[in-house]
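All remarks here apply to the structure that follows.
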Amino acid sequence: MGRPRRSDSQVATTERLLSAAEKHFGKHGFDAARLSDIAKDAGITRPSLLYHFESKEKLYDAVVARAFDKLLGVFQGSAVDTDTFESIVMGLTQAYIDFADEHPSVSVLVLKELTGPSTQGEHIIRTKFVPVLDWVENFLLDAGKETMRPGVPVRFVLMQVAVQVMIRSAMGDLAVPMWGEGDPTLELSRILFLKEPQS
């Protein structure tokens, strides 16, 4: 016999919990975030939180898994309706910028894990971040066979773009004083990935 279907109220509570946890884990990191604070922000009690997620580790895994699943979905969706390699590169880059802008706490969370993994961090980087990176790298290598800049180290360039977008997103109000007005990330991607036009 399968598990009973979750009610709409359970799904809504789970989404509130995941959103509150994303904010707290992003702000404080895994170790310092408190389940009681997350539960309060989600409008439930700590025991109710533990009914939905039996441990802090399970909640953290769910937050990060949801974020990377959304990100992979964004990438896959942006790559479907494109017909040139340039539009693919621009679409993927813009999709990532938009995702980071909409989820700044995810950027903070991922940067914390990349620079000093928590007890869950290394596992999550290997099982969630790396597969998304693999997918984008392989997709670009396949799509750009004819028009990619020769010799471009695709994975290295992806990490350069990804990390700078995350840092800018994570800085919040300090982004403009530090990085200046405007965002040249799309142009950077074009320069790094695309062949110079033939004159």
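The values are calculated or read from the model by the stated rules, or taken from the named source; none is laboratory data. None of these values were measured; they are calculated from a predicted model. Neighbour counts run over all protein chains shown; Cβ positions are idealised from the backbone, glycine included. Note: areas computed on protein heavy atoms with side chains; ligands, DNA, RNA excluded. Shrake-Rupley method; radii C 1.70, N 1.55, O 1.52, S 1.80 Å.
Taken as entire DSSP H runs, the helices of the chain that both span 20 Å or more between Cα atoms along their own long axis and average 0.0 or more on the Kyte-Doolittle scale are 56-80, 85-102, 154-170.
Give the shape of the range 127-199 as rounded, prolate or oblate, defined through the alpha-carbon gyration tensor: a ≥ b ≥ c are the square roots of its eigenvalues, a/c under 1.5 means rounded, and otherwise the shape is prolate if a/b is larger than b/c and oblate if not. Here the range 127-199 falls in the oblate category. The stretch between residue 195 and residue 167 holds 7.3 nm of extra length on full extension. This uses 0.36 nm per residue minus the Cα-Cα distance. The H on the amide N of residue 194, modeled in the peptide plane, is under 5 Å from the matching H of 149, each at least 5 residues off or on a different chain. Summing Lys and Arg as +1 and Asp and Glu as -1 over all other residues whose Cβ lies under 14 Å from the Cβ of residue 132 gives a net charge of +1.
About the Cα centre of the range 131-199, what is the dipole size in debye to 20, counting +1 per Lys and Arg Cβ and -1 per Asp and Glu Cβ, all else neutral?
That gives the range 131-199 a dipole magnitude of about 180 debye.
Prolate is the label for the chain. Its Cα gyration tensor axes, ordered a ≥ b ≥ c, give a/c of at least 1.5 and a/b above b/c. Simple rule: put +1 on each Lys or Arg Cβ and -1 on each Asp or Glu Cβ in the chain, find the dipole, and look at 194, 144, 65; the Cα lying farthest toward the positive end is 65. Listed by chain and number, the lysines whose C-alpha is less than 29 Å from the C-alpha of residue 195, apart from same-chain residues fewer than 8 away, are 145.
Peptides 24-33, 83-92, 173-182: what's the order by average Cβ count within 10 Å, highest mean first?
Result, highest mean first: 24-33, 83-92, 173-182.
Note on the range 91-199: with neighbouring protein chains present and a 1.4 Å probe, carbon and sulfur make up 60 percent of its accessible heavy-atom surface. Under 25 Å of direct C-alpha separation, and excluding same-chain neighbours fewer than eight residues apart, residue 112 reaches these lysines: 23, 27, 40, 56, 58, 70, 128.
Using a Gaussian network model of the chain in which every pair of alpha carbons under 10 angstrom is joined by a spring, one finds that among 156, 129, 75 the greatest mean-square fluctuation is at 156. Since only 153, 185, 171 are under comparison, the one whose Cα sits farthest along the positive direction of the charge dipole of the range 149-199, derived from C-beta charges on Lys, Arg, Asp and Glu, is 153.
Please say if the range 83-145 is rounded, prolate or oblate, where rounded means a/c under 1.5 for a ≥ b ≥ c the square roots of the C-alpha gyration tensor eigenvalues, and otherwise the choice is prolate for a/b larger than b/c and oblate otherwise? The shape class here is oblate. Here the calculated FRET efficiency for residue 34 and residue 141, from their Cβ-Cβ distance with R0 = 41 Å, stands at 0.40, rounded to the nearest 0.05.
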